[in-house]
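First up is the structure itself, then whatever we jot down about it.
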Amino acid sequence: MYHRKFLSLAVALVIAISAFAIVSAKSNNNTESLQAIEPLNLAILIQDDLTPQVGNELKVTREFIRLLPNGSQVMVGYITAGSLQVRQPFTTDLEKAARSLRIPIGSTTASPFNPYVEVIEALKKFKNEGPNANAILLISDGLDTSRGFDSTAAGHTLDIERAISEANKRNVAVFSFYAPSVGLTSRSRLAASYGQSSLNRISDETGGRAFFQGTTGFVTFDSYFDRLREQLNRQYARAR
């Protein structure tokens with residue numbers, strides 16, 4: 001069952017992401033391609049203290065939502081100081097979900113204790129019913145300093161362990177895009193490395209993938225989507 005759900009998720013994400021290239025080429029085959037795949041339930045979680053450049057990526061993220069297969073359900077939430085702000089509960093109205101995206105606050109006043117507490121909160125909003133595959137797209141710096149700035153704690157804090165356990169219990173694959181926050185991860189390569197290690201672990205152990213390039217600067221979501229498409233294409237080829 002889990003294998004089938006992951007395969008459906010992989011197919012759905014591959015086709016949806018590939019549709020960006022179709023749009024760019026002004027092809028008329030979008031609808032035909034999307035009709036051939038299964039829908040999914042997707043929660044998009046954005047950390048609210050990410051650098052302002054993340055706001056420039058809203059257009060491509062909106063297009064990603066709009067091009068999901070019919071029957072997909074999308075939730076949009078922001079991981080902010082002390083809470084998960086749900087901008088749009090799960091809905092099949094993909095246009096409404098796309099419009100619910102906003103520019104992150106981009107201030108340390110919005111910095112969460114760590115993103116994984118809110119990931120757990122979001123996981124509890126998935127219902128274990130229906131045929132759709134389940135996934136989270138976590139856009140975050142991944143940093144959890146709840147046990148201090150200790151290399152042995154990177155990727156192994158209590159909240160990360162709890163998030164992995166909850167995701168696997170609910171059959172939710174966590175895909176993650178790394179982006180630096182306005183705090184530590186934009187100033188410290190070590191902090192960025194710790195955050196990326198954490199994202200890599202939660203994604204790897206829930207059947208998803210983490211995407212990042214280096215520990216300095218900001219990489220656009222375009223490159224993340226390209227790498228995600230390539231990765232899922234390889235996984236789908238092996239699964240077949």
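Miscellaneous remarks
- Contact annotation: residue pairs with Cβ atoms under 6 Å, 6 or more positions apart or on different chains, pairing a residue in the stretch 117-139 that is over 10 Å from residue 172 (Cβ atoms) with a partner that is polar (S, T, N, Q) and not in a helix (DSSP H, G or I), are 132/41; 138/176.
- Here the stretch 97-120 is the region considered, the condition is being charged (D, E, K, R) and within 13 Å of residue 78 (Cα to Cα), and the residue that is surrounded by the most Cβ atoms within 10 Å (Cβ to Cβ) is 118.
- When the stretch 197-228 is limited to residues that are in a helix (DSSP H, G or I) and within 19 Å of residue 172 (Cα to Cα), the one that is modelled with the lowest pLDDT turns out to be 228.
- Of all residues in the stretch 79-94 being in contact with a strand residue (DSSP E or B) (Cβ under 7 Å, 6 or more places away or on another chain) and within 15 Å of residue 119 (Cβ to Cβ), the one that is surrounded by the most Cβ atoms within 10 Å (Cβ to Cβ): 79
- Among residues of the stretch 78-95, those that are among the hydroxyl-bearing types (Ser, Thr, Tyr), modelled with pLDDT of 95 or more and either farther than 19 Å from residue 63 by Cβ or part of a strand (DSSP E or B) (or both), counted: 2
- Of all the criteria given as (1) farther than 21 Å from residue 78 by Cα; (2) crowded, with 23+ Cβ neighbours inside 10 Å; (3) at pLDDT below 85, the one not satisfied by residue 194 is (3).
- Scanning the stretch 63-77 for residues that are outside any strand (DSSP E or B), without any contact (Cβ under 8 Å) to a residue 40 or more places away in the chain and either within 19 Å of residue 106 (Cα to Cα) or under 13 Å from the mean Cα position of the chain (by Cα) (or both) yields a single hit, 65.
- Filtering the stretch 121-141 to residues that are surrounded by fewer than 18 Cβ atoms within 10 Å (Cβ to Cβ) and either at negative phi or among the polar types (S, T, N, Q) (or both) leaves 121, 124, 125, 127, 128, 129, 131.
The values are calculated or read from the model by the stated rules, or taken from the named source; none is laboratory data. Here the structure is a predicted model, which is why all the values come from computation and not from measurement. Methodologically, a virtual Cβ is constructed for each residue, glycine included, from the backbone with ideal geometry; neighbour enumeration extends over all protein chains shown.
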